[in-house]
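We did not get these values from a lab; they are worked out from the coordinates using the rules stated. Given the structure is predicted, the values throughout are model-derived calculations rather than measurements. Glycine also receives a Cβ, built like all others from the backbone with ideal geometry; neighbour counts cover every protein chain displayed.
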Amino acid sequence: MKPLLILGGRLIDPNRGIDETGNLLITEGKISAQGKEEITALPSDCEVLSAEGLIVCPGFIDLHCHLREPGFTEKETIATGTRAAAQGGFTTICCMPNTNPPLDNIETIKYVKSKANQEGVVRVLPIGCISRGQKGGDLAPLSELASAGVIGFSDDGEPVSNSPLMRRALESSRKLELPIIDHCEDKSLAAGGVMNEGTVSTKVGLPGIPASAEESMVARDLQLAGATGGWLHVAHVSTAGSVELIRRAKEKGIHVTAEVTPHHLTLTEAMVQICGSNAKVNPPLRTSADTQALLQGLMEGTIDVIATDHAPHTRANKQGDFITAAFGISGLETALAALLTLVHEGKLDLVTLVSRLTAAPARIIGNKHGRLGTLAVGAPADVTIFDPNKEWIVDPDNFVSKGKNTPWGGFALKGKVMATIYQGKMVYKDNSIRIAEWDKVIK
């Protein structure tokens, strides 16, 4: 692993309020120098990457993805999922526990961490279950899971419908200082639904999932968080009503954080008519009014972070009729480009976007897993380099992920990751990027 000088890029580090053209030097897996001034005293074996016209920022952090291993390796593995993450610019990914067996005990947590160390190319931080087996009955051993290194607890894929259980989980979260990440859905209200309930579902004749199915559970969770002083993290917020509930809760001082996905920010229910089951996701794609509210919530900080909810499936899972097809989008490799559509349209500024993918999720994870989400000297050299203007056609067959299920297939997007560096090692490089030896550059 040779020293690497990243030359002349636009350095964006929201954690420290940095947005300037400059250089970045990486040695021994850490950031050793950065800034506008010319970096002198370079190691003799230093390599150079010209980043002129490119964005250089901390590696993206994904608080919500599905790696499917153990148990569902036909959909994804830790090896393929982490490589897809690297291609998407992510250097840290937090994997959900709805595997087989679920991540509800120390042994399975150790398995995921060991597998990630052996076969992964980026940092993998597991999320433990809230309930044993994700069955919603007994609380999982949260203290043991915390000691094993989980970054939070979730039964994602299944809401915590048992209110007393949710209360106990939130009480534990206060003591453990780790979030309870809830998939907010009243399954009795959502029963049988496969897309957003509204004019489009009526038009296409598909059963709908009302906004109230999410909002009623968000309201319950916020009440319990307020009563217990616990830390609630609302996963994949999708409705304007949920944004308003979270906004009011934060104003009251309730400890709540929230995330939104790229697809809920950029796509609406209309995509169901265009992409079929590749636009089937839970919670469903909503209305344009919802996407506007989500974007406003993200910009103002009511919604703290962007998370992919990367949910890879086999082709068979997505084939057949819409009602029986699986929910989920394979999102790691298209996340940045999809989000940059908002920047190019003038709806979101670039620094805020980078912040919600880096500094903000790093604050939620905390410092227990290292100094993440910054380009500060001495921090791990987790770096993403991207071209905000590079145009490309999304071809799912070229995905590194096993999951080819994307609504973006065939679409032209603008913005692409050029290189991803994890702890000083280049784990992804676009074919157009060239790296030269320093002595050849100065000649």
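Can you list the residues, at least 5 places off or on another chain, whose amide H is less than 5 Å from the amide H of S131, using H built in the peptide plane?
So S131 has HN proximity to G136, A140.
Excluding P380 itself, what net charge comes from residues whose Cβ is under 12 Å from its Cβ, given Lys and Arg +1 and Asp and Glu -1?
+2
Convert each backbone phi in the range 248-257 into a coupling constant with the Karplus relation 6.51 cos²θ - 1.76 cosθ + 1.60 (shift: θ = phi - 60°), then list the ³J(HN,Hα) values in order as whole Hz, x for Gly and Pro.
Result, ordered by residue: 5, 5, 5, 4, 7, x, 5, 7, 9, 10 Hz.
As I understand it, the value is the acute angle between the Cα axis of helix 335-344 and the longest principal axis of the Cα atoms of the chain; what does it come to in degrees, rounded to 10?
Once rounded, one gets 80 degrees.
Report the one residue of M217, G229, S242 whose Cα lies farthest in the direction of the positive end of the charge dipole of the range 59-365 (charges on C-beta: Lys and Arg +1, Asp and Glu -1; origin at the Cα centre).
Farthest along the dipole direction, towards plus: G229.
Summing Lys, Arg as +1 and Asp, Glu as -1, what charge do residues with Cβ under 11 Å from the Cβ of N98 carry, N98 excluded?
-3
Let's see if you can work this out: charge +1 on each Lys and Arg Cβ, -1 on each Asp and Glu Cβ, no other charges. What is the dipole magnitude of the chain about its Cα centre, in debye to the nearest 20?
Dipole magnitude for the chain comes out near 400 debye.
Considering the chain as a Gaussian network with a 10 Å cut-off on Cα pairs, which listed residue, G346, G226, G276, attains the greatest mean-square fluctuation?
Greatest mean-square fluctuation among the candidates belongs to G346.
Name the residues whose placed amide hydrogens come within less than 5 Å of the amide hydrogen of I209, ignoring near sequence neighbours (fewer than 5 apart) on the same chain.
Amide H neighbours of I209: V194, M195, N196, E197.
Whole number please: convex hull volume per residue, Cα atoms of the chain, in Å³.
It comes to 127 Å³ per residue, whole-number rounded.
The range 351-380: which trypsin sites (Lys or Arg not before Pro) are DSSP loop and have at most 12 other beta-carbon atoms within 10 angstrom?
K368
Report relative contact order for the range 59-365 in percent, whole number only (criteria: Cα-Cα under 8 Å, sequence separation at least 6).
Worked out over the range 59-365, it gives 16 percent.
If you fit an axis through the alpha-carbon atoms of helix 78-87 and take the longest principal axis of the Cα set of the chain, what angle between them do you get, 0 to 90°, nearest 10?
60 degrees
Starting from the amide H of H310, placed 1.01 Å from N in the peptide plane, find each other amide H under 5 Å away whose residue is 5 or more places distant or on another chain.
Amide H to amide H, under 5 Å and 5 or more residues apart or across chains, H310 pairs with H66, G331.
Which distance in Å, rounded to a whole number, links the C-alpha centroids of the range 1-61 and the range 122-187?
Here the two parts' Cα centres lie 38 Å apart.
Which net charge results when you count Lys and Arg as +1 and Asp and Glu as -1 among the other residues whose beta-carbon is under 11 Å from that of C57?
For residues surrounding C57, the net value is -2.
Could you state the angle between the C-alpha long axis of helix 163-176 and the longest principal axis of the C-alpha atoms of the chain, as a value from 0 to 90 degrees rounded to the nearest 10?
Its long axis makes an angle of about 30 degrees.
Based on other C-beta atoms within 10 Å, arrange W408, W231 from fewest to most.
W231, W408
Could you work out how far the C-alpha centroid of the range 376-431 sits from that of the range 277-328, in angstrom?
First find each Cα centre; the distance between them is then 20 Å.
Output the peptides 52-64, 201-213 sorted from most to least packed, where packing is the average of other Cβ atoms within 10 Å over each peptide's residues.
Sorting 52-64, 201-213 by mean packing, highest first, produces 52-64, 201-213.
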